[in-house]
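I have placed the structure first, in the form of structure tokens, so that the comments after it can refer back to it.
Readers should treat all values here as calculations from the given coordinates under stated rules, not as data from a laboratory. None of the values given here were measured: they were computed from a predicted structure. Cβ placement follows ideal geometry from the backbone for every residue including glycine, while neighbour counts extend to all protein chains displayed.
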Amino acid sequence: MTSQRLRLGVNIDHVATIRNARGGTVPDPVRAAHAAARAGADGITAHLREDRRHISDADIERLSREIDLPLNFEMAATPEMLAIALKAKPHAACIVPEKREERTTEGGLDARGQHNQLAPIVSELAENGSRVSLFVEADTAQLDAAVSLGAEVVELHVGRYCDLFAEGDHAAAARELTRIQDAARYGASVGLEVHAGHGLTFDSVAEIAAIPELVELNIGHFLIGEAIFIGLEAAIAKMREHMTLGRTRAA
Ligand code: PXP
């Protein structure tokens, strides 16, 4: 059975990337969040990186104050980010692995291997009122670790599937898709709310949107790139159409 309407979280990090290329204040990620709301997004996602390469502390403060949509605050499991999240009290806090030298988030969080480091962070965030999400690979050991940590949500990393799909490696993409489908089913069966994200495009979203246990997709880079050609609101609306098509075909 296909679950309720799939939620779309729009990641606005790369509006800030473009702003920061020149310094100054434009384009404004908070304006992008308002545009996403008009286009029917269900939430806004922003990743405050340790090196502040895109989203800034001031962006998080403004997003917390000025937008009505729920904010999904992506953060590394560090004392600095924990302190910021405790102050901002976002609707959701998604813990991601972070390496200084990476261009984007590579691979999922090792929720199993870092259990002892993550446990106090997950519980402080939850006690502070945020829904805690862990960005993990489609792997049952990681999902079991998320349950034992008390996280309500996992976000499955679908970046490898999207890369294989874009490269036209159909056999490998199909194997990766099966892994994601199995993980979504397992995650829901052990009581997790299951989301997915990373690397999704108009073309790759359909098969992911068709996975019945998924409740939310978080999409950023492609939408901001597409906005250059057709505008942000149109890009979000079109992504929503592709999600709905994928979901409906599967029902
Ligand atoms: N979900 C998580 C946890 C992420 O770290 C990112 C990238 O910041 C995304 C979703 C969005 O990925 P993309 O920008 O490739 O759509």
Give me the distance between the Cα centres of region 191-209 and region 153-180, rounded to whole Å. 10 Å
What net charge is computed for the residues neighbouring ALA145, neighbours being all others with C-beta under 12 Å from the C-beta of ALA145, Lys and Arg scored +1, Asp and Glu -1? -3
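Would you work out the charge dipole size for the chain about its Cα centre, treating the Cβ of every Lys and Arg as +1 and the Cβ of every Asp and Glu as -1, and quote it to the nearest 20 debye?
Details: 26 positive and 37 negative charges, 116 e Å.
Here the chain has a charge dipole of around 560 debye.
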Among SER204, SER123, SER189, which comes first, then next, by fewest other beta-carbon atoms within 10 Å? SER189, SER123, SER204
Region 28-57 versus region 117-148: alpha-carbon centroid distance in Å: 23 Å
Given the options LEU86, LEU192, LEU217, state which has the largest fluctuation in a GNM of the chain using a 10 Å cut-off (strictly under) for Cα springs. LEU86
Can you tell which of ASP51, ASP144, ASP203 shows the greatest fluctuation in a Gaussian network model of the chain with Cα springs below 10 Å? ASP51
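Taking Cα atoms of region 19-108, Rg/Rh with Kirkwood Rh, to two decimals?
Across region 19-108, the Cα-based Rg/Rh ratio is 0.95.
Only helical DSSP H runs with n ≥ 4 go in: add -39500 (n - 2.57) per run for the chain, normalise by residue count and round the 222 nm mean residue ellipticity to 500 deg cm²/dmol. Before the final figure, lay out each step's value.
Values: 11 runs with 126 residues, N = 251.
Helix contribution divided over all residues of the chain: -15500 deg cm²/dmol.
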Work out which helices of the chain, taken as complete DSSP H runs, extend at least 24 Å along their axis over the Cα atoms and score a mean Kyte-Doolittle of -1.0 or more, then list them. 170-189, 232-250
At a Cα cut-off below 26 Å, give the lysines reachable from LYS99, other chains included and same-chain residues fewer than 8 away excluded. LYS87, LYS89
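What is the sum of charges around LYS238, taking Lys and Arg as +1, Asp and Glu as -1, for the other residues whose C-beta is under 12 Å from the C-beta of LYS238? Before the final figure, lay out the partial values.
Working: positive: ARG240; negative: ASP203, GLU226, GLU233, GLU241.
Taking every Cβ under 12 Å from that of LYS238, the sum is -3.
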So for the chain, averaging the separation of alpha carbon pairs under 8 Å that are six or more residues apart and normalising by length, what relative contact order in percent results? 21 percent
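Can you give the local net charge around ALA172? Use residues other than it whose beta-carbon is closer than 10 angstrom to its beta-carbon, Lys and Arg +1, Asp and Glu -1. Before the final figure, lay out the partial values.
Details: positive: ARG160, ARG175; negative: ASP163, GLU167, ASP169, GLU176.
For residues surrounding ALA172, the net value is -2.
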Please report TYR186, TYR161 as a ranked list, fewest other C-beta atoms within 10 angstrom at the top and most at the bottom. TYR186, TYR161
